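In what follows, a structure is listed as structure tokens, so that the remarks can point back to it.
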Amino acid sequence: MSLSALQKERYKYQPKLPPVLRQQLDAIEVKLGEPTQSVANQEELKALFPNTYGQPVAHIVSGKNPAAQRPLTVGVILSGGQAPGGHNVIAGLFDGLKKGHSESRLLGFLGGPIGLINGKYVEITAEMMDRYRNTGGFDIIGSGRDKIETQEQLDKVVAVCQQIGLDGVVIIGGDDSNTNAAVLAEYFKKIGSSTQVVGCPKTIDGDLKNAHIETSFGFDTACKTYSELIGNICRDALSAKKYWHFIKLMGRSASHIALECALQTQPNICLIGEEVAEKKLTLNQIVEAVAEVISRRAEKGLNFGVALIPEGLIEFIPEVGSLIARLSDVLAHDAEGPAEFDKISGLEGQLTWLKGHLPPENFAVFESLPTEIQKQLLLDRDSHGNVQVSLIETEKLIVEMVKRKLKVWAQEGRYKGKFSALTHFFGYEGRCAFPSNFDADYCYSLGYTAYVLFRNGLTGYLSSVRNTHRSADEWTCGGIPITMMMNIEQRHGKPKPVIRKALVDLGGKPFKTFAANREAWAVETAYLFPGAIQYYGPSEVCDQPTRTLILEQEG
């Protein structure tokens with residue numbers, strides 16, 4: 001197999017570990033803190049997780065480990081969308097297992113959780129592992145979005161674990177995947193199984209974090225990848241001086257990526273969904289605010305600019321979010337209307353049908369949207385009939401409505417500029433990039449930490465590496481009870497235990513830093529050009545974490 005020069009060099013890179021994990025394993029122990037409780041719904045969650053609720057935070061420290069050095073058989077699952085660094089989590093777990101005992105085995109379940117349900121796996125060998133170290137993607141064993149929820153699925157998993165003699169399972173995933181890890185850990189405890197479950201926090205969206213999980217892996221690499229592209233577009237805009245670029249970025253449930261990329265590139269406009277929701281801004285108010293920046297720059301002869309838009313913005317707009325929720329209700333496959341609706345051909349007929357089935361205020365919002373967006377809301381539905389928000393071209397919606405607004409202002413004499421817009425969506429470009437040094441190191445440490453948690457008999461925990469805004473020489477590590485991060489939310493009309501998503505904190509230092517500067521960035525041209533991710537060179541260039549992480553941790 002031929003390899004690029006970068007591939008060859010990345011295979012050789014040795015990720016950095018926290019000091020405590022560099023010691024011999026018999027010199028490492030786990031110290032447990034005080035019992036914990038969930039972030040909300042304590043009594044309900046205690047009833048749902050009677051065997052794992054309230055476990056203490058675990059700290060890995062220097063000491064003596066009396067645990068028997070028997071070989072372990074551990075399985076690993078990649079769950080959900082890809083994120084840079086997943087292969088290094090597996091590498092850290094593999095190296096920890098082999099250092100603990102040369103006969104320990106790591107089994108990779110194929111295609112995500114379904115691989116565990118069906119007992120489909122491959123043993124990860126040293127030769128196989130070495131082909132994936134420090135590389136992007138999840139292709140070593142593949143991923144999937146299946147969940148282990150039903151009694152039948154749980155029974156199948158138990159049978160597979162017993163047949164293999166599985167001592168533990170590592171679930172590498174986001175909030176939903178690690179909620180699943182908590183369910184699995186609880187069930188194993190309930191039936192007296194010795195199989196342990198540990199999770200690792202993954203998602204480029206950055207919404208799996210709290211006081212103990214400082215960042216989810218992949219966020220650093222994805223934001224640096226997007227910021228390079230945004231910087232390139234900023235340079236092009238500055239050169240051509242004739243286009244406004246509207247860039248939609250990943251982030252369905254939270255705007256962390258948009259905020260971080262704004263801090264790295266200083267665009268003229270960046271919309272933050274959480275602020276829109278907090279201020280209850282209407283779609284028209286958002287459009288007016290964007291048009292105002294365009295108009296002010298036009299007055300200075302600057303008929304160009306860059307605007308960042310989070311993928312999930314549309315759901316944060318109160319009246320649009322309400323419309324989407326109501327559309328999903330009336331078009332859901334278990335409702336009465338969809339069969340009738342799906343037979344209607346043509347948008348005009350569909351509008352007539354909707355007028356009789358949507359509340360007037362929802363229909364008025366729908367009617368105000370550009371035709372193409374109306375079609376996306378109606379046609380791009382999932383298997384349950386729900387609107388697929390991620391497929392809605394929010395950037396084009398904003399552009400079209402801004403055009404309308406500027407045309408009115410031009411007729412009124414309020415706007416005399418030229419508006420030519422180009423749209424972009426940066427999504428998959430960032431999910432499988434070569435992990436940055438930060439993600440390569442962080443992920444390797446997460447996997448190694450997961451091994452230590454197994455070796456010390458812990459289950460129902462999320463691997464945690466902290467103090468990550470500093471050099472790896474100052475990192476600490478341990479485990480956080482998954483139930484500690486959970487609350488009860490309505491999902492598909494039913495209350496479900498889930499890990500609470502972390503939204504952008506409008507009172508936090510990252511957002512405040514952005515808010516303090518956006519007025520200047522709007523009218524002046526203050527772009528930054530981060531350039532490509534650097535893997536070799538000075539640490540201050542190659543190993544730096546995100547601006548968000550530095551601002552959050554240093555305060």
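What follows is calculated from the coordinates using simple rules that are stated; it is not laboratory data. Owing to the predicted nature of the structure, the values given are computational and were not obtained by experimental measurement. So basically every Cβ, Gly included, is an ideal-geometry build from the backbone, and we count neighbours across all protein chains shown.
Quick notes
- Arg131/Arg470 FRET efficiency (R0 41 Å; Cβ-Cβ; nearest 0.05): 0.80
- Rounded to the nearest 20 debye, dipole of the range 403-555 from Cβ charges on Lys, Arg, Asp, Glu: 1200
- Theoretical ellipticity at 222 nm over the chain - DSSP helices of four or more residues, -39500 (n - 2.57) apiece, nearest 500: -13000 deg cm²/dmol
- Only Lys, Arg (+1) and Asp, Glu (-1) charged, at Cβ; the chain dipole about Cα centre in debye: 860
- Working note: Debye formula, equal point scatterers on the alpha-carbon atoms of the chain, no solvent; log10 I(q)/I(0) at q = 0.08, 0.10, 0.11 Å⁻¹ is -0.57, -0.87, -1.03.
- Computed magnitude of the charge dipole of the range 220-333 (debye, nearest 20; Cβ of K, R +1, Cβ of D, E -1): 460
- Phi-based couplings in Hz for the range 172-180 (Karplus 6.51, -1.76, 1.60; Gly and Pro marked x): 9, x, x, 5, 5, 5, 7, 4, 4
- A simple count of charges around Trp521, restricted to other residues whose Cβ falls under 13 Å of its Cβ and scoring Lys, Arg +1 and Asp, Glu -1, yields +1.
- Of all aspartates and glutamates in the structure, the ones whose alpha carbon falls short of 17 Å from that of Lys46, not counting any fewer than 8 places away in one chain, are Glu34, Glu186, Glu489.
- Cβ crowding within 10 Å, taken as a proxy for footprinting-reagent exposure, orders Tyr442, Tyr535 from fewest neighbours to most as Tyr535, Tyr442.
- Once the C-beta distance of Glu103 and Arg491 is scaled by a Förster radius of 41 Å, the resulting FRET efficiency is 0.45 to the nearest 0.05.
- Listing Val504, Val39 from fewest to most neighbouring C-beta atoms within 10 Å gives Val39, Val504.
- Candidates Ala58, Asn118, Ile28 compared by Cα position along the dipole of the chain: farthest toward the positive end lies Ile28, with charges placed on Cβ.
- Residue-span extension gain [Glu524 to Leu351] - 0.36 nm each, minus C-alpha spacing: 57.9 nm
- Cβ-based net charge around Tyr243, under 12 Å, with every Lys or Arg adding one and every Asp or Glu removing one: +2
- Estimated FRET transfer efficiency (Asn303, Ile191; beta-carbon r; R0 60 Å; 0.05): 0.35
- Angle in degrees between helix 318-331 and the longest Cα principal axis of the chain, rounded to the nearest 10: 70
- Sequence-distant residues sharing a close amide H with Cys270 (under 5 Å, placed H): Leu308
- Whether the range 74-160 is rounded, prolate or oblate, judged on the alpha carbon gyration tensor where a/c under 1.5 counts as rounded: oblate
- Residue exposure sequence - Ile488, Ile286 - by fewest surrounding Cβ within 10 Å: Ile488, Ile286
- Projected label distance in nm at Lys280 and Ser62, using a 7 Å step from Cα toward the beta-carbon: 5.7
- Cα shape, the range 426-523, gyration tensor, a/c 1.5 rule: oblate
- Tilt relative to the chain, helix 509-523 - C-alpha long axis, 0 to 90 degrees, to 10: 30
- In order along the range 279-287, phi translates into HN-Hα couplings of 8, 6, 6, 7, 4, 5, 5, 5, 4 Hz, rounded to whole numbers, per the Karplus curve 6.51 cos²θ - 1.76 cosθ + 1.60 with θ = phi - 60° and x for Gly and Pro.
- Between Tyr428 and Glu9, full extension at 0.36 nm per residue minus the direct alpha carbon distance yields a gain of 148.4 nm.
- Potential lengthening of the chain between Lys241 and Thr150 amounts to 27.0 nm, from the contour at 0.36 nm per residue minus the alpha-carbon distance.
- Neighbourhood charge, 12 Å Cβ-Cβ cut-off, centred on Arg547 and excluding it, Lys, Arg +1 and Asp, Glu -1: -2
- ³J(HN,Hα), Karplus 6.51/-1.76/1.60, whole Hz, each residue of the range 185-190, x for Gly, Pro: 4, 5, 5, 4, 5, 4
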